[in-house]
Each structure stands twice: as C-alpha cells, then as structure tokens.
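Presented below is the structure to which this report refers.
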Amino acid sequence: MSVIGTGYLGATHAACMAELGHEVVGVDVDSAKIESLQSGTVPFYEPGLPEVLTRNLESGRLDFTTDYRRAAEFANVHFLGVGTPQRRGSYAADLTYVCAVIEDLVPLLEGDHVIFGKSTVPVGTADDLQELADSLAGPGTSVEIAWNPEFLREGYAVKDTITPDRIVLGVRRGDSRAEEIAREVYAMPIGGGTPFLVMDRVTSELVKVSANAFLATKISFINAVSEICEKTGGDVTKLADAIGHDERIGRKFLGAGLGFGGGCLPKDIRAFMARADELGADQALTFLREVDAINMRRRDRVVQLTRGLCDGNLLGHRVTVLGAAFKPNSDDVRDSPALSVAGSLSLAGAEVSVFDPQAMDNARKVFPTLNYAASVEEALEGAEIVVLATEWDQFRELDPVEVGGIVDRKVIIDGRNVLPVEKWQDAGWNIQALGRSL
C-alpha cells in the first residue's frame, strides 16, 4: 500500500500499517520530510512512533519517496492523508492538497485501485473526488474512492492506529471492493474485537466532523458553566465530578480550563459550519459559533486574571507560562491556548518566559519574541506570576515548596485545574483557577 502525505497523520499511519505486517511506501512532495523519515527521524513528537518507524524501516516493510510514479507502480491500495487547513479568509476547509493527490496519482495508475481517504473533509468531498478520479483514470483503469476517517489522539496515535476503538468505512453505493480490502488491511484489529462500521461515504465523512463537534461542544459546555461558577463562587471541578457520574454524560472532556486547540477541533468545527452554510442548513450548526466563542473567551479570561493580579497593569511584570503545546504529550502548537495566552500577555507589556518539554522549537516559529527558557527552573526564576497552561505531568508534579524558593512572588494560575490546591496553599502560594473560588 501507499500512504500519500507524511505529516502527523500520514507518517503515523504508514509506520503503523507496516507494524501490522503490510508493505508500505509513504509519499510526500516535501523532500526534507521524506529524508528525515527515511533516516528514522520523526519530524514531530509522538510517543512510541520513533520505535515503530525504526523497526519497520529495518525490516524492509516501510519506505518513503517523493515519487508518485513509484507509489502507482508499487501499490493498488492507497491511503490519502494530507492536510485540510482552514482556507485563508474563510471558515471553510482548503481542499487544495486533497485534490492535488488525485490529480497527481490517478493518471499514473494502471489496473484496479482503491484510494482510502483519511483526511477530515467537508461532507460530499468523497463523491466529488470520485468524479475527479473517473475523469483522470486511463483506459482499462478503475479507481474507487472510499472514506476511512481517522480518530487519532495526539500522544496516543500509535495505539489509536494499531488498536482503534472503531474503524469507520464509507463506500460507494452498488459495486464496491473497498470493504473486502479494508477488512484485509485491518484484519488484526478486527480480529481483536474492534468494531468495523460500514456505511455510505457521506455518512462516514459526517462521522468524523460530528465527533469533533460533539467533543468541542462538551468542552465549551463545562467552560460556559465555569463562567457561572466564577460569578457565584461555585467550584466547576466538583460540579463536573458530580454530573460526570451520570453515565449519559460521563466525566471525560469535562475538564474546565483554557479550552481546546490544536490542528483539528478548531478548524473542523469551523469547516463544519461553513459546509452547513453551503448546503443551506446554516441554522443547524449555529450553536457551534458559541462553542467557538466560549473557547476563545477562556484564553482572554486567563489574561484578565493575570492582569488583575498585577493591579490592572501587566507592563514590566515577569510572567512565566508553563506550556506551549496545545495539549501534553505533543509538540503541536497550532491554535494552542497556552501559546495564545503567552503571546497576549507579551503584547500587553508583560515580560514573558515560556517553557514546554517538547514544543519549544515550534513555539519559537510562531512567537519568536517571547523568552524561551531551557528548563522549568530557569523559566520560574524571578517570576511574579506563574500560569500553568499545558498540563504536562512535569508541571503537575512540581514541588510547591521547592519552586517557591525560585520565584519572586508565590502566585500561580492553574489554567487546567490539575494542581493539588491544598498542597500549594499550604506552601504559601496564592493559587487561582478558572471556575473555582480558592
């Protein structure tokens, strides 16, 4: 098989498919990325992936190339895993890279091929790509487009690929070879009990964006309640624990704090809204605008809280932001709440120091003017206020007594509601948090 696109999704999928025993070639137009992967170096942080990559390169089951022709000759099963960023000046998804794969690959194919789309796309994209593929396929060549959305969690992507919680496959109506091939591709996880759900292509596209929209809504719901708790003196963490015992609700994704970010949830809910507008169903998803707005307000709230702790003026005050990645176990800073807060504090005049265990290089590319420390201790030295913005275990496990001797003022804002409050208070810290009266 070939995997087209070797970013976060594609590189992970290629390595894990080889781990499942398949012969895989990964394809990308970025020669630097291909050279990195061929040498066994993963160009992003994902626990467990370097070992899987190296093991399968050495076994000969995995290779990478910039040559589409090689992929066309090597495989008759292809996975499409390129990015669908937010279109400039619009909420809609940019399908340039997705369409380019079909345009570059299909004219080179001979015989019967199946292309499994894994990218997150607006509903109706697979049908459009099928029309495009049909128009480009040569005489005697058939190309079937199926959709097999990914449900990867950054930090757990290897596990989620090799032992997923479900496999969704969207196939064309009528004659289709995709299901038979997909069952062979995923024989190991299916044999291990992973549900295999087959449906039409449109529904499979909607599954992915609907899942992301629901998770985003759940996060923003608890953060909306957090705003009420702040006004009334309630405790959003105890509230979340209480409602989370209801099995219809569940406790997961009810962690009030800085909200969601990354390369998926923000852009995907915006693209979902844009597609609904195009379909004439704009009223169906208007609630997602408030989901997005609530999420952005939490970032502003942390900045306001920091300003208040500086007597209303951040100018010249030393603030340490712990975290730059949008979530722990990742170096992804795309739409990162942590980095957004750090940048806003700096723009308001604060002297901001940032530390993150993995995301420093990526953060520098986005906000080169911030101060980036080499360690937690260096970041905390002389701080007047500390903001915990990404819930890395390293930050959760800080000793408040020890770090209390490094900072100038023992003031910390727990932007993720993960610190043991009493332990920090007993060490003399003024600890603040979103949605809690401490």
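The values are calculated or read from the model by the stated rules, or taken from the named source; none is laboratory data. This one's a predicted model, so the numbers in the text were calculated from it and none came from an experiment. Cβ placement follows ideal geometry from the backbone for every residue including glycine, while neighbour counts extend to all protein chains displayed. With ligands, DNA and RNA removed, areas are computed over all heavy atoms of the protein, side chains included. Shrake-Rupley method; radii C 1.70, N 1.55, O 1.52, S 1.80 Å.
Quick notes on this structure:
- Matching residues in segment 14-32 - criterion: being closer than 15 Å to residue 57 by Cβ and in a helix (DSSP H, G or I): 14, 15, 16, 17, 18, 19
- When segment 186-204 is filtered for residues that are under 19 Å from residue 14 (Cβ atoms) and surrounded by 15 or more Cβ atoms within 10 Å (Cβ to Cβ), the ones remaining, listed by number, are 186, 189.
- Residue among 236, 225, 202 that alone is at pLDDT 95 or above and over 21 Å from residue 292 (Cβ atoms): 202
One line per residue, one yes/no per condition, for (1) closer than 29 Å to residue 268 by Cα; (2) of a type in the set (Ser, Thr, Tyr); (3) under 20 Å from the mean Cα position of the chain (by Cα):
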site	(1), (2), (3)
5	yes, no, yes
10	yes, no, yes
28	yes, no, no
35	no, no, no
43	yes, no, yes
102	yes, no, no
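- Taking segment 374-402 as the range and being open to solvent by 10 Å² or more (accessible area, probe 1.4 Å) and of a type in the set (A, V, I, L, M, F, W, C) as the test, the residues that pass are 374, 392, 398, 401.
- Counting the residues of segment 281-314 that are of a type outside the set (D, E, K, R), more than 19 Å from residue 206 (Cα to Cα) and open to solvent by 30 Å² or more (accessible area, probe 1.4 Å) gives 7.
- For segment 11-44, taking the residues that are free of Cβ contacts under 8 Å to residues at least 12 places away in the same chain and of a type in the set (Gly, Ala, Ser), the one that is surrounded by the most Cβ atoms within 10 Å (Cβ to Cβ) is identified as 36.
- For segment 45-60, a residue qualifies if it is buried (at least 18 other Cβ atoms within 10 Å of the Cβ) and outside any helix (DSSP H, G or I), and the qualifying residues are 45, 46.
- Strands (runs of 3 or more DSSP E) fully within segment 62-168 counting 3 or more residues that are open to solvent by 20 Å² or more (accessible area, probe 1.4 Å) and without any contact (Cβ under 8 Å) to a residue 12 or more places away in the chain: none
- Annotation: residue 278 fulfils all but one of (1) out of contact with any helix residue (DSSP H, G or I) (no Cβ under 8 Å at 6 or more places or on another chain); (2) buried (at least 23 other Cβ atoms within 10 Å of the Cβ); the unmet one is (2).
- When 359, 350 are checked against the criterion of being surrounded by 20 or more Cβ atoms within 10 Å (Cβ to Cβ) and under 21 Å from the mean Cα position of the chain (by Cα), a single residue qualifies: 359.
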